[in-house]
Amino acid sequence: MVERLQSGDMRALARAISLVEDGATGAAALLAECRRFTGKALKIGVTGPPGAGKSTLVDQMARWLRGREETVGVVAIDPSSPYTGGALLGDRIRMQEQADPGIYVRSMASRGAVGGVASAVRDVCDVIEASGRGWILIETVGVGQDEVEIARLADVTVLVLVPGLGDDVQSLKAGVMEIADVFAVNKSDCIGAERVAAEIVAMQGLSGEKTEWTAPVVQTVATTGAGVAELMTEIMRYREHRASEGATGNDGWWKRLRLDHLGVAVKSIAGARGFYEMLGMTVEHEETVEHEQVRVAMLPMGESRLELLEPTAEDSVIGRFLAKRGEGLHHIAVKVADVDAMFARLRENGVRLVSDRVRVGAGGHRYFFVHPSGTGGVLVEIVGER
Ligand code: CO
């Protein structure tokens, strides 16, 4: 069964989870086998009072991760499972129906779990992780003792608060504020959001506890996705913080992003390479790209490279750059996992691109250029991994 899980068989995954939930014969053996493949996924607990918009936020986080080619499992803990309808369920079913095998959503009953909810959730997460998912989002329904327990098994806990629930931050039960590694003030387009954020910060100041990590406060609007990127960044920042303390985790998009190369426009490669060779670098590859009227020399530098660009015609891109600006940094190139997805995302977000489509360069690598007007003044080249 574990083999079938790992081959991406969604029905096997659903069945394995049911076996484990029911404590059926063989469940223990199945779990033991699954656990040979666990320990790499990042588990994010999302908790907060009912009505805070957690489900919508979790859906946005999942979509955001899928946009980065990450595989996601969602475990929604419902006190009265099976899930009792509503727009959110419809949304989730649609998400799965779009036949995206990269996302798997499962709701779980919190009542009657043998040995406690937290341990049942952990088991289900282990099965999902064994199916190869890199991220698991665990959504709880409220902020009681069970939720605190569940938060403990997540690597990162996001506490979602909202303005206008009639509750002050101060009225949250003791022990709830402390579980947050990151705060999300959701519905931040509503009146009172600023006050909620300010109250959190004030409480953090009051606690007087000196810790190395102060949970950051991110404002989100789950219905539009606003703030989700910031939320994910803070989650990653927390993860990095924990990693520096010895915890381990998965290798996601932020680790796969690379500075691929720096492009430097020079009058002559022969004249410029001497200095870099003095540094200990060597020209690994040199070629003329006819259609761009440029001669290129690549000098590896750790995981990146230096790209020296010499024009073969005055009226070429690099030739004109030299005439206008002189020798110097021409562009920086960032390597991403999926160049087509990045092209689509940037274009969707109205970023001005120089290239009208993803182009194929020397050696078959695929790339496009982003206009300096949207990047802080630097021409940015986006290169795909493959
Ligand atoms: Co380049």
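The values are calculated or read from the model by the stated rules, or taken from the named source; none is laboratory data. Because the structure is predicted, anything quoted here is derived from the model rather than measured. Glycine gets a Cβ as well: all are built from the backbone with ideal geometry, and neighbour counts include every protein chain shown. Accessible surface areas use protein heavy atoms only, side chains included; no ligands, DNA or RNA. Shrake-Rupley method; radii C 1.70, N 1.55, O 1.52, S 1.80 Å.
What to note about this one:
- The residues on offer are 277, 303, and the sole one that is closer than 16 Å to residue 257 by Cβ, away from the ligand (no atom under 13 Å from the Cβ), open to solvent by 20 Å² or more (accessible area, probe 1.4 Å) and not polar (S, T, N, Q) is 303.
- Options 221, 185, 217, 201: the member that is of a type outside the set (Gly, Ala, Ser), without any contact (Cβ under 8 Å) to a residue 60 or more places away in the chain, open to solvent by 30 Å² or more (accessible area, probe 1.4 Å) and farther than 21 Å from residue 155 by Cβ: 201
- Test for residue 312: is it among the polar types (S, T, N, Q), surrounded by 14 or more Cβ atoms within 10 Å (Cβ to Cβ) and over 16 Å from residue 329 (Cβ atoms): yes
- Any hit, the range 315-325, residues being within 16 Å of the ligand (Cβ to nearest atom), open to solvent by 40 Å² or more (accessible area, probe 1.4 Å) and at pLDDT 90 or above: yes
- The residues on offer are 74, 127, and the sole one that is surrounded by 23 or more Cβ atoms within 10 Å (Cβ to Cβ), at pLDDT 90 or above, assigned by TED's automatic domain parsing to the domain that holds residue 144 and under 20 Å from residue 231 (Cβ atoms) is 74.
- Some residue of the range 351-364 being in a strand (DSSP E or B) and on the phi > 0 side of the Ramachandran plot: no
- Residue selected from the range 326-339 under the condition away from the ligand (no atom under 16 Å from the Cβ) and within 17 Å of the chain's Cα centre (by Cα), by the criterion most open to solvent (accessible area, probe 1.4 Å): 338
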